[in-house]
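The structure under discussion appears below in the form of structure tokens.
The values are calculated or read from the model by the stated rules, or taken from the named source; none is laboratory data. Since the model is a prediction, treat every value here as computed from it, not as a measurement. Positions of Cβ are generated from backbone atoms using ideal geometry, with glycine treated the same way; all protein chains shown enter the neighbour counts. Each accessible area value is taken on the protein alone, full model and side chains, heavy atoms only, with ligands, DNA and RNA left out. Shrake-Rupley method; radii C 1.70, N 1.55, O 1.52, S 1.80 Å.
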Amino acid sequence: MKKDKPDNVVFSDEHGYNASLLPYATSVGAPVIKADDLTGWKNMGINKVNKEFESKFFVLKMQYQNLIKEFQWNERVYNARFSFEPIVGEIYHLYKDADGFDFLSLIGPKEWNKEHIGTLRLNSDKKWILIDLTNAVF
């Protein structure tokens, strides 16, 4: 089998002499094609993205913890004893009675000698917003 063309000539029966159209070097004298080392670029990108995810995770974690605290306060107030219908926007005080049960009152902590837990306000969504903590611990 005899070759019509030498090895250093780019020829194809389908495309003919197409060395100038190829995206890679086809002769011995052509510049060497080296793949770029992207390790540094990738590592920098990974670090940046990981920091962003870590930051977002921290924000979500804080929001979750705040949501849990709000839930616990609302549950505690709604489970407390009170014999009136709270008005939206008004300030109320949560106390612990001698039996250890929580109760809600309009009377401020300076007006009597009861164990004051916290001061709250009822918002329009019927959610209790904590205004002041005295001895509150969850």
Highest-first arrangement of 46-59, 96-109, 29-42, where packing means the average Cβ count within 10 Å:
96-109, 46-59, 29-42
So if I take the centroid of the Cα atoms in segment 79-94 and the same for segment 33-73, what is the distance between those two points in Å?
42
Around Val59 (Cβ within 15 Å, Cβ-to-Cβ, excluding Val59; K/R +1, D/E -1) the net charge comes to +1
Only Lys, Arg (+1) and Asp, Glu (-1) charged, at Cβ; segment 17-138 dipole about Cα centre in debye
420
For a quick check of understanding: with a 1.4 angstrom probe and all protein chains in place, what accessible area in square angstrom does Tyr24 have, to the nearest ten?
130
For 62-71, 119-128, ranked highest to lowest by mean beta-carbon neighbours within 10 Å, the order is 119-128, 62-71
Of all accessible surface on segment 67-138 at a 1.4 Å probe, what whole percent is carbon and sulfur?
53
Regression test value, accessible area per residue of segment 43-133, probe 1.4 Å, units Å², expected 75
Restricting to Cα pairs below 8 Å that are 6+ residues apart, what does the relative contact order work out to for segment 27-138? Please round to a whole percent.
20
